[in-house]
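Chemist: Sharing a structure, written as structure tokens. Questions coming.
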Amino acid sequence: MTRFFAWGAFLFGCLYFLLPLVGMTEFSLKMRRGEYSFDAYRRVFEDQRFWDTFSYSLILSAATIVVGVLLVVPTAYWVRLKLPQARPVIEFITLLPLVIPAIVIVFGYIRLYNTSSFLPLTGSAFGTDILLTMGYTTLALPYMYRSVDTGLRTIDVTTLTEAAQSLGAGWFTILARIILPNVMVAVLSGAFLTLAIVLGEFTMAALLNRPAFGPFMQLLGANRAYEPPALAVIAFAITWGCMGLMQLVTRFSKHERAKA
């Protein structure tokens, strides 16, 4: 009986998530009356704004991943190695972006870094891009930190550090050539989650008036009928593609470890 209810709950969950997706996909294919077609997808791909906003978000996601790795990996490593008592405080700080709404964060950015402030980042497009990257890093911080922290749990940080130091390695060498390669799967997991967050984020990019993918999706949804669900299917496919790549990287890493 328990197994029956478990399978029933699983099937209900699948239907709950899949039926809206199937309905949305079917609607996106009905641009031609009386037949299915990919006209909506063709129009999306022919729109230059799609490629401009998508490439812009990809660039910012790459910058966000780099900043996140440079911030999180040394912090998580040092907390696990030298400051285990500070771990609850660090975890609390990394959870704050899940509690504080993005609109509050971005209004704080605008207030602190407007053109009349001591650091007028919003006064130029490049400065605003830097500000938006920092905002994306903040939003992705809970996922990146927990991915890296989970990866550090799977290795003996203390032994690896002591062995490297006994061979004369400095802290930068330890982080770059020992710790980072051993947690690369965890870093990639956080990177794929960061990519999904950046591609779908709307509030910060809209209020900072930057040509990101999220505002483009909203703008298209307000003015078109069939293209928005087609764009949503594309975004969904990109997100699940990132998750699939994450699973492939994880399995490949486990296979390599088993061979070693």
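Chemist: Just wondering, is there one or more residues in region 7-16 that are open to solvent by 50 Å² or more (accessible area, probe 1.4 Å), closer than 30 Å to residue 224 by Cα, in contact with a helix residue (DSSP H, G or I) (Cβ under 6 Å, 6 or more places away or on another chain) and not polar (S, T, N, Q)?
Modeler: No, there is no match, as no residue in region 7-16 is open to solvent by 50 Å² or more (accessible area, probe 1.4 Å), closer than 30 Å to residue 224 by Cα, in contact with a helix residue (DSSP H, G or I) (Cβ under 6 Å, 6 or more places away or on another chain) and not polar (S, T, N, Q).
Residues checked against (1) modelled with pLDDT of 85 or more; (2) among the hydroxyl-bearing types (Ser, Thr, Tyr); (3) over 16 Å from residue 198 (Cβ atoms); (4) open to solvent by 40 Å² or more (accessible area, probe 1.4 Å):
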site	(1), (2), (3), (4)
4	no, no, yes, yes
26	yes, no, yes, yes
30	no, no, yes, yes
35	no, no, yes, yes
40	yes, no, yes, no
43	yes, no, yes, yes
52	yes, no, no, yes
69	yes, no, no, no
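Chemist: Hey, among the residues in region 162-177 that are under 18 Å from residue 74 (Cβ atoms), hydrophobic (A, V, I, L, M, F, W, C) and in contact with a helix residue (DSSP H, G or I) (Cβ under 9 Å, 6 or more places away or on another chain), which one's most open to solvent (accessible area, probe 1.4 Å)?
Modeler: 171
Chemist: While we're here: What single numbered condition from (1) in contact with a Gly (Cβ under 8 Å, 6 or more places away or on another chain); (2) under 30 Å from residue 123 (Cβ atoms); (3) open to solvent by 40 Å² or more (accessible area, probe 1.4 Å) fails to hold for residue 182?
Modeler: For residue 182, the failing item is (2).
Chemist: Related question: Would it be correct to say that residue 219 is open to solvent by 40 Å² or more (accessible area, probe 1.4 Å) and over 25 Å from residue 22 (Cβ atoms)?
Modeler: Yes.
Chemist: From the list 133, 94, which residue is within 30 Å of residue 160 (Cβ to Cβ) and not small (Gly, Ala, Ser)?
Modeler: 94
Chemist: Let me ask another. I'm told residue 130 meets every condition in (1) under 22 Å from the mean Cα position of the chain (by Cα); (2) under 16 Å from residue 179 (Cβ atoms); (3) of a type in the set (A, V, I, L, M) except one. Can you identify the failing condition by its number?
Modeler: (2)
Chemist: Okay, moving on. Within region 107-120, track down each residue that is in contact (Cβ under 8 Å) with a residue 12 or more places away in the chain, in a helix (DSSP H, G or I) and either over 18 Å from residue 97 (Cα atoms) or open to solvent by 60 Å² or more (accessible area, probe 1.4 Å) (or both).
Modeler: Within region 107-120, 107 is the sole residue that qualifies.
The values are calculated or read from the model by the stated rules, or taken from the named source; none is laboratory data. Small disclaimer: the values here were computed from a predicted structure and weren't measured. Neighbour counts run over all protein chains shown; Cβ positions are idealised from the backbone, glycine included. Protein only, heavy atoms only, side chains kept; ligands, DNA and RNA dropped before computing areas. Shrake-Rupley method; radii C 1.70, N 1.55, O 1.52, S 1.80 Å.
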